[in-house]
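Notes follow once the structure below has been shown.
The values are calculated or read from the model by the stated rules, or taken from the named source; none is laboratory data. Small disclaimer: the values here were computed from a predicted structure and weren't measured. Cβ coordinates were reconstructed from backbone atoms using ideal geometry, including for glycine residues, and neighbour counts include every protein chain displayed.
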Amino acid sequence: MAVRYGIILITATIILVYGLLKPEHNWDMVAYVAAAFHKDGYRGGDLTRETYGEIKKEASTKRFLPLITGEYRETVFKDPSSLEQQLPFYSIRVAYIQLIRLLKDIGLSYTKSTYVISAVFASLSVLVLGLIILETAVPIAMLPIIVAVTGYTEVARISTPDAMAGFFSLVGIYSLIRRGKLVFFIAVILPLIRTDFILLSALLMTFTYFHGNRLFSLFSLVSAVVIYVLVTQLNGNYGYLTLFNFTFIGSFTPYPADIVISHKLSDYLIPYAKLLESLIAHPHSVVYVLALYLLWLNHAKVEDKLEFYCLCGLPFLFITMHMLLFPSDHYRFFVFSVSLILVWSLDLVTRLARKSATLSSAIRSKT
């Protein structure tokens, strides 16, 4: 048992160190740092000066230049009103931004806090994933491989709330597997981390509702919806259509508040075609195809229904619903879910292999 926990701790530590030493300094960092300074009361030119001034201190020239290069990024850098117009897309990540501000109070800059949070929560996610694997037949030695191929190294480096959302999602799934009550709290707070994870809140509470916890499930789901509405309204979120048009239709506009919503059906279909093309070439697709193939071959042999829903059914539904609503090729959204699906696939293969070996042994003993 000590060896098992040792593998989990070593893998989690490697992810933590990697994230801290190799931050990506992606552009989202600009928006989240600006959102934090905006909460501090900075506006206009002061907001731009504080945001980019702090980032420039933390990032090398090689890292900083890409953040202000290109028509969109250059305009956001030069025009304070453009920077402020980006914030409603990011200020809705309430828990992430508040944690950034909290770390500033204990000595970290906003810039460094953005990726320190990612590294820490990616590492914690690996710990929880390891505990989930211990509930299955999958050898714990597979943990480093699962972590590497599903993208934990990516979410550990980038300045986004994805690692944080992944951690709490995994905790929710682990609570379901253990038949605990923590899942209800997780469902409530997920929209504070990423508003789109209201989808997972709904899936988790639907599952618990049909498994006997109806009152808790309804209360938690209603609470999550209320939090979702409050977060979007209080932070001036532009709404779904503006986000869709900004992200997928035409090039990024530096002034999203002025977006004219498209009424062409083709504009809304093309992003799905691009997503399909991207998905086919992405490593995650191998995991999806493997799981579906195994399920098709062995659906009658799936004995542990709870494990199936927790490790495969709910994650698959989350990915599908998310892609249908928001056809983005940012696969970092799905790191936690694809890792669970891979664990389920390996668990099924391991169990079938053990049964086959037992059956072969029994036949040989009779002969």
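Of note, residue 187 satisfies the criterion of being assigned to a helix (DSSP H, G or I) and surrounded by 24 or more Cβ atoms within 10 Å (Cβ to Cβ).
Against the condition part of a helix (DSSP H, G or I) and either modelled with pLDDT of 95 or more or crowded, with 19+ Cβ neighbours inside 10 Å (or both), how does residue 100 come out, does it pass?
Details: part of a helix (DSSP H, G or I): yes; either modelled with pLDDT of 95 or more or crowded, with 19+ Cβ neighbours inside 10 Å (or both): yes.
Here the answer is yes, as residue 100 does meet what is asked.
Can you tell me how many residues in region 64-95 are buried (at least 16 other Cβ atoms within 10 Å of the Cβ) and basic (Lys, Arg)? Of the residues in region 64-95, 2 are buried (at least 16 other Cβ atoms within 10 Å of the Cβ) and basic (Lys, Arg).
Of all residues in region 214-238, count the ones that are assigned to a helix (DSSP H, G or I) and touching a residue at least 60 places away in the same chain (Cβ under 8 Å). Before you say what the answer is, go through the steps one by one.
Just the residues of region 214-238 that are assigned to a helix (DSSP H, G or I), to begin with: 214-234.
Right, trim to touching a residue at least 60 places away in the same chain (Cβ under 8 Å) and you get 231-232.
Qualifying residue count for the region: 2.
If I filter region 195-213 for residues that are out of contact with any strand residue (DSSP E or B) (no Cβ under 7 Å at 6 or more places or on another chain), exposed (fewer than 15 other Cβ atoms within 10 Å of the Cβ) and either of a type in the set (D, E, K, R) or in contact (Cβ under 8 Å) with a residue 40 or more places away in the chain (or both), do I get at least one hit? The answer is no; no qualifying residue exists. Any residue at all in region 321-333 that's of a type in the set (Gly, Ala, Ser), closer than 16 Å to residue 199 by Cα and not in a helix (DSSP H, G or I)? Yes - at least one qualifying residue is present in region 321-333.
Filtering region 247-288 to residues that are in a loop (DSSP other than H, G, I, E, B) and either touching a Cys at 6+ places or on another chain (Cβ under 7 Å) or among the hydrophobic types (A, V, I, L, M, F, W, C) (or both) leaves 249, 252, 259, 260, 261.
Yes/no matrix, rows are residues, columns are (1) at pLDDT 95 or above; (2) under 25 Å from residue 5 (Cβ atoms); (3) out of contact with any Gly (no Cβ under 6 Å at 6 or more places or on another chain):
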| residue | (1), (2), (3) |
| --- | --- |
| 125 | yes, yes, no |
| 129 | yes, yes, yes |
| 142 | yes, yes, yes |
| 152 | yes, yes, yes |
| 158 | yes, no, yes |
| 167 | yes, yes, yes |
| 184 | yes, no, yes |
| 195 | yes, no, yes |
| 203 | yes, no, yes |
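Selection within region 77-110: residues that are of a type in the set (Val, Ile, Thr) and touching a Ser or Thr at 6+ places or on another chain (Cβ under 8 Å). The member of this set that is nearest to residue 157 (Cα to Cα) is 100. Scanning region 293-323 for residues that are over 16 Å from residue 132 (Cβ atoms) and modelled with pLDDT under 95 yields 293, 294, 295, 296, 297, 298, 299, 300, 301, 302, 303, 305. Note on region 24-43: residues that are in contact with a helix residue (DSSP H, G or I) (Cβ under 7 Å, 6 or more places away or on another chain) and modelled with pLDDT under 95 amount to 1. Residue 25 passes every criterion in (1) in contact (Cβ under 8 Å) with a residue 60 or more places away in the chain; (2) of a type outside the set (Val, Ile, Thr); (3) at negative phi; (4) surrounded by 19 or more Cβ atoms within 10 Å (Cβ to Cβ) apart from (3).
The number of residues in region 36-95 that are among the small types (Gly, Ala, Ser) and assigned to a helix (DSSP H, G or I) comes to 7.
Just give me the residues in region 230-248 being loosely packed, with under 15 Cβ neighbours inside 10 Å and under 11 Å from residue 92 (Cβ atoms), in sequence order. If the condition is that a residue be loosely packed, with under 15 Cβ neighbours inside 10 Å and under 11 Å from residue 92 (Cβ atoms), then 230, 233, 234, 236 are the ones that fit. Taking region 88-110 as the range and being touching a residue at least 60 places away in the same chain (Cβ under 8 Å) and within 18 Å of residue 54 (Cα to Cα) as the test, the residues that pass are 97, 99, 100, 101, 104, 110.
To keep it simple, each residue is scored yes or no on (1) touching a residue at least 40 places away in the same chain (Cβ under 8 Å); (2) within 27 Å of residue 208 (Cα to Cα); (3) crowded, with 19+ Cβ neighbours inside 10 Å.
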{"site": "269", "(1), (2), (3)": "no, no, no"}
{"site": "282", "(1), (2), (3)": "yes, no, no"}
{"site": "288", "(1), (2), (3)": "yes, yes, yes"}
{"site": "317", "(1), (2), (3)": "yes, yes, no"}
{"site": "339", "(1), (2), (3)": "yes, yes, yes"}
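Just so you know, in region 44-60 the residues that are farther than 15 Å from residue 77 by Cα and not small (Gly, Ala, Ser) include one that is modelled with the highest pLDDT, and it is 57.
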